[in-house]
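Here the structure comes first, spelled out in structure tokens, and everything after it is commentary.
The values are calculated or read from the model by the stated rules, or taken from the named source; none is laboratory data. What you see is a predicted model, and the numbers here were worked out from it, not measured in a lab. Cβ placement follows ideal geometry from the backbone for every residue including glycine, while neighbour counts extend to all protein chains displayed. Just the protein is used for accessible areas: all its heavy atoms, side chains included, with ligands, DNA and RNA removed. Shrake-Rupley method; radii C 1.70, N 1.55, O 1.52, S 1.80 Å.
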Amino acid sequence: MENIYKPFRSKILKVIEQTYDTKVFRLEVKDFKYMPGQFVELSIPGVGEAPISITSSPHEEGYIDLCVRRIGTVTNALHRMKAGDYVWIRGPYGVGFPFETIKGKDIVYVAGGIGMAPLRSSLNYVLHHKKEFGKITVLYGARTPADLLYKEEFDRWAKECNFLVTVDSDKLPDGKPSGWKGNIGVVTTLFAKLNYSIKDAIGIVCGPPVMYKFVIQEFRKAGMPDSSIYISLERHMKCGVGKCQHCQINNRYVCLDGPVFNYADVKQLPEAI
Ligand SMILES: Cc1cc2nc3c(=O)[nH]c(=O)nc-3n(C[C@H](O)[C@H](O)[C@H](O)COP(=O)(O)OP(=O)(O)OC[C@H]3O[C@@H](n4cnc5c(N)ncnc54)[C@H](O)[C@@H]3O)c2cc1C
Ligand code: FES
């Protein structure tokens, strides 16, 4: 019988520093099929396992990228690893973004913090298949300029879509000035800068739980129905495959039924957001 928990070994091809606490790990994979929004369980022998979203896009072959913030046991151990070291992964797991349903539509992405990791996979997928989608808008917020991820892709995104960035504070995490000349304010302040209707667009939100309620309010204010809003939820996970119930929200498992959910389907569930 096949062991569903059996991971495979994967070589770290490259480590890319993103910020003071976040790195991208490029992992070698072969015949690994996934869609944006899906995640893997990454393990380090003797340390533990953690769910991490895939931040690369399926058209990039031979590797997957994971964008990982150093926060606890597994992520700290991973941050000490370098190119040539090995980790173990299983997956891909979960339900990704519903591209078949949203083809032809305008999309408004809203990302906060590490939520940029799954969102980048989806954004680069959509930009790679640009003819199949309408107008693409990205509203991205981070705590400080030092927390912004993927700065090296900002110029390309600004050319290929309507890309707006803001920071909560223009100070660096140590309180020193950063020289930031861009927008300041929480990510929802960027909605006021959109001078076109997003009523018929699809809204996609990835970020910290506190952000969801306020972003959904903005979507609703703009006339977007709840059924056009997709959210990527994060819950504490163990198995990743619908067995342990750690990630359960009422009758849904975030690992199996999500992490991407249609807001209209989960808005009635207590504790969903
Ligand atoms: C689907 C999904 C995708 C994710 N994608 C990413 C990603 O792309 N990048 C990324 O950096 N992170 C991502 N995460 C978050 C990441 O999995 C967690 O931060 C994970 O806990 C890190 O593992 P760790 O061993 O380093 O941290 P831990 O040692 O587990 O600690 C992390 C934090 O969780 C708390 N914690 C530990 N155990 C519990 C518990 N039982 N209940 C509640 N809180 C607990 C700790 O106090 C600590 O603050 C994702 C999570 C999910 C569910
Ligand atoms: S993580 Fe075990 S059921 Fe979802």
Just to check I understand the Karplus step: with θ = phi - 60° and J = 6.51 cos²θ - 1.76 cosθ + 1.60, what whole-Hz values come out for segment 202-214, glycine and proline as x?
9, x, 10, 10, 9, x, x, x, 4, 6, 4, 4, 6
Among Ala192, Ala201, Ala142, whose mean-square fluctuation peaks in a Gaussian network model of the chain (Cα, cutoff 10 Å)?
Ala192
Do any trypsin sites (Lys or Arg not before Pro) in segment 173-263 lie in a loop, going by DSSP, with at most 13 other beta-carbon atoms within 10 Å of their beta carbon, and if so which?
Lys181, Lys199, Lys243
Sites matching chymotrypsin sites (Phe, Trp or Tyr not before Pro) across segment 189-273 that sit in DSSP coil, with at most 11 neighbouring C-beta atoms within 10 Å:
Tyr196
Springs between alpha-carbon atoms under 10 Å, Gaussian network over the chain: tell me which of Leu149, Leu127, Leu119 tops the mean-square fluctuations.
Leu127
Over the heavy atoms of Tyr140, what accessible area does a 1.4 Å probe trace out, to the nearest 10 Å²?
0
Amide H within-cut-off set for Ile204, under 5 Å, with H built and near neighbours excluded:
Val108, Tyr109, Val110, Tyr230
Calc'd 3J(HN,Hα), segment 90-97, phi into Karplus 6.51 cos²θ - 1.76 cosθ + 1.60 (θ = phi - 60°), Hz, glycine/Pro = x, comes to 9, x, x, 10, x, 9, x, 6
CD proxy at 222 nm, helix term only [per DSSP H run n ≥ 4: -39500 (n - 2.57); per residue of the chain; nearest 500]:
-5000 deg cm²/dmol
Tell me which residues come under 5 Å, amide H to amide H, from Val95 once H is placed; ignore anything under 5 positions away on its chain.
Gly258, Val260
Karplus couplings for segment 219-230 from phi (6.51 cos²θ - 1.76 cosθ + 1.60, θ = phi - 60°), rounded to Hz, Gly and Pro as x?
4, 5, 4, 7, x, 6, x, 4, 6, 9, 9, 10
If you find the alpha carbon centre of segment 192-213 and of segment 95-157, how far apart are they in angstrom?
12
Could you work out the per residue convex hull volume over the alpha carbons of the chain, in cubic angstrom?
138
Within 9 Å, Cβ to Cβ, of Val87, how many net charges do the neighbouring residues add up to if Lys/Arg are +1 and Asp/Glu are -1?
+1
Using modelled amide H (1.01 Å from N, peptide plane; none on Pro or chain starts), what sits under 5 Å from the amide H of His246, excluding residues fewer than 5 places away?
Lys238, Cys239
On a C-alpha basis, how far is the centre of segment 225-245 from the centre of segment 5-71 in Å? Whole number, if you could?
19
Show me the ranking of peptides 60-66, 79-85, 89-95 by mean Cβ neighbours inside 10 Å, starting with the highest.
89-95, 60-66, 79-85
Would you look at the GNM of the chain, springs on alpha carbons closer than 10 Å, and say which of Cys247, Cys67, Cys255 moves the most?
Cys247
Sorting Glu49, Glu41, Glu17, Glu234 by accessible area (1.4 Å probe), largest first, what list results?
Glu234, Glu17, Glu49, Glu41
Could you tell me the relative contact order of segment 18-166? Use alpha-carbon pairs under 8 Å, at least six residues apart, and round to a whole percent.
25
